[in-house]
1. Express the relative contact order of region 1-106 as a whole percentage, based on alpha carbon pairs under 8 Å and six or more residues apart in sequence.
2. What is the gain in length, in nm to one decimal, between residue 175 and residue 26 on full extension, counting 0.36 nm per residue of separation less the C-alpha to C-alpha distance?
3. Please tell me the relative contact order of region 26-176 in percent, rounded to the nearest whole number, where contacts are Cα pairs under 8 Å and at least six residues apart.
4. Given only helices, namely DSSP H runs of n ≥ 4 each adding -39500 (n - 2.57), what is the per-residue ellipticity at 222 nm of the chain, to the nearest 500 deg cm²/dmol?
5. Measuring from label point to label point, each 7 Å out along Cα→Cβ, what is the residue 85 to residue 38 span in nm?
6. For the chain, taking Cα atoms only, what is the radius of gyration to one decimal and the Dmax to the nearest whole Å?
7. Using a Gaussian network model on the chain with a 10 Å cutoff between Cα atoms, which of 72, 27, 106 fluctuates the most?
8. With point charges of +1 on the Cβ of Lys and Arg and -1 on the Cβ of Asp and Glu, referenced to the Cα centre of the chain, which listed residue (113, 138, 7) lies farthest in the positive direction of the dipole?
Amino acid sequence: MYPEPGQVLHFSEDSSIEHFVPRTIEGRPGPYVWAVDAHNAPSYWFPRDCPRAMAWTTPATASHDRARILGGRDRVHAIEDSWLTALRSVRLFAYRLPAPHFRPIGDPEPFALVSATAVAPLGPPEPVGDLLRLHERAGIQLRPLPSLWPFWDAVTASSLGFSGIRLRHARPRGTE
């Protein structure tokens, strides 16, 4: 599930949103309506509260990091194995929003797009479908792990691109 040209996406488990109104998220600037582009869309193919650590190659990625951490792949998403049932059963929806209303946020690399004004979806929400199959079709390895922390520590100390979302919901360090 990717945006088409001129669109950005907002993923939600709520299929009844008629208008997106700017809101403040703790620890983030705002209020904003949040969305993602095609590069960042796969980071949201998860239940909302699912902690996840993601890594991908960049032009600066060393071949030994790609081999050691990603197993030679270009992108890996790691989740705690206890989230597999939720990943299989969640009903996730994608809202297509008009891209001209949004600007990138994040430095040095944008991780999202934001709008300071309310935005109406371009149409009804679309069911995202089978999230395991979506990862597979995109060539992204989904790696269930007992704990995210060893993967996260390796990724953040490497030359890979990375992102962590909802890590505050991850099992505490040392409980793996």
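Quick note: the coordinates plus some simple rules give every number you see, no bench work behind them. Being a predicted model, the structure only gives us computed values, none of them experimental. Cβ placement follows ideal geometry from the backbone for every residue including glycine, while neighbour counts extend to all protein chains displayed.
1. Numbers: 120 pairs, mean separation 42.1, N = 106.
Once normalised by length, the contact order is 40 percent.
2. Working: separation 149, 0.36 × 149 = 53.64 nm, distance 2.67 nm.
Extra length from residue 175 to residue 26 when fully extended: 51.0 nm.
3. In percent, rounded to a whole number, it is 38.
4. -4000 deg cm²/dmol
5. Using points 7 Å along Cα→Cβ, the separation is 3.8 nm.
6. Cα only, the chain: 16.3, 47 Å (Rg, Dmax).
7. Largest GNM mean-square fluctuation: 27.
8. 138
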